[in-house]
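Structure record follows, encoded as C-alpha cells.
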Amino acid sequence: MDRTDRASRLIAAPPATVYGALLDRVALEAWLPPDGMRGRIERWDPRPGGGFRMILSYLDATGAPGKTSDATDVVDIEIADLAPPERVVQRAVFESDDPAFAGTMTMTWHLAPAPDGTLVTVTATDVPPGIDPAAHEAGIASSLANLASYVEAGG
C-alpha cells in the first residue's frame, strides 16, 4: 500500500480557525462527511494517542456500498501528531471484512498561511487498494469544500 491521494483548497479563514475545526467534535460531524453522507462521532479523545470513531452513513446507498455495511463506513481515527496551527496527522483504520480495505491510512492535514486565508492540503498515504482513487480524491475535495463553508460561515 504505497498509494498517495492529495487535494488542496484555499480557505478564507486564518490557520487557527481552520485548525480548531479539525479538532472540534461538532465541527467534524458537520463538515468531514463528503457529499452524500452524514457523520456521527461515537468516541472522542482529541489528543496525540487519542482519537475518535466516526460512523459515516450514505444518504443513498444504492450503487455505493459502504466498507462496513451496505450503508455505512466505520472508521477509527488515531491522532498521531498535532502541531498547532500547522498540522494534524491522523491514522485511519476502516472496519471492514473486505481485505481490500485493510490497513492503516495516514491522513495529514497541512495548514499554510496564505494572503487570503489558509491553504489546506490533505495528503492520504498508504490508501487501501479497495478505495477508488477518483472517488477518494473527490471525497477529500468535498470534505475540504464543506470545511471551507463551515469556517467561512463562522462555524
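In the stretch 26-47 there is no residue that is more than 16 Å from the chain's Cα centre (by Cα) and not charged (D, E, K, R). Apart from one condition, G130 fits all of (1) over 17 Å from L56 (Cβ atoms); (2) more than 16 Å from the chain's Cα centre (by Cα); (3) outside any helix (DSSP H, G or I); the exception is (1). The single condition among (1) within 14 Å of the chain's Cα centre (by Cα); (2) open to solvent by less than 50 Å² (accessible area, probe 1.4 Å) that E78 does not satisfy is (2). Would a scan of the stretch 95-113 turn up a residue that is hydroxyl-bearing (S, T, Y), surrounded by 16 or more Cβ atoms within 10 Å (Cβ to Cβ), more than 15 Å from V18 (Cα to Cα) and within 12 Å of the chain's Cα centre (by Cα)? For the stretch 95-113, residues hydroxyl-bearing (S, T, Y), surrounded by 16 or more Cβ atoms within 10 Å (Cβ to Cβ), more than 15 Å from V18 (Cα to Cα) and within 12 Å of the chain's Cα centre (by Cα): present.
Identify, please: which residue in the stretch 14-48 is part of a loop (DSSP other than H, G, I, E, B) and among the hydrophobic types (A, V, I, L, M, F, W, C) and is, among those, nearest to E86 (Cα to Cα)? The extreme case among them is L23. Does T62 satisfy the condition of being modelled with pLDDT of 95 or more and either of a type in the set (D, E, K, R) or open to solvent by 40 Å² or more (accessible area, probe 1.4 Å) (or both)? No, not satisfied. Under 6 Å by Cβ, and 6 or more places apart or on different chains, what pairs join a residue from the stretch 127-145 that is among the β-branched types (V, I, T) with one that is surrounded by 13 or more Cβ atoms within 10 Å (Cβ to Cβ)? Correct list of pairs: V127/R3; V127/D5; V127/M105; I140/A7; I140/V122.
Here G139 meets the list (1) in contact with a helix residue (DSSP H, G or I) (Cβ under 9 Å, 6 or more places away or on another chain); (2) within 19 Å of D35 (Cα to Cα) almost entirely, failing just condition (1). Go through the stretch 114-155 and give me each residue that's under 13 Å from D2 (Cα atoms), open to solvent by 30 Å² or more (accessible area, probe 1.4 Å) and of a type in the set (S, T, N, Q). The answer is T125, and nothing else.
Condition check: of a type in the set (G, A, S), open to solvent by less than 50 Å² (accessible area, probe 1.4 Å), modelled with pLDDT of 95 or more and within 21 Å of T125 (Cα to Cα). Does G51 satisfy that? The answer is yes for G51.
Within the stretch 113-136, the set of residues being at positive phi and of a type in the set (D, E, K, R) comprises just one member, D126.
The values are calculated or read from the model by the stated rules, or taken from the named source; none is laboratory data. All of these numbers come straight from a predicted model, not from anything done at the bench. Cβ sites come from the backbone with ideal geometry, for glycine too, and all protein chains shown count toward neighbours. In case anyone asks, the SASA skips ligands and DNA or RNA and just uses the protein heavy atoms, side chains included. Shrake-Rupley method; radii C 1.70, N 1.55, O 1.52, S 1.80 Å.
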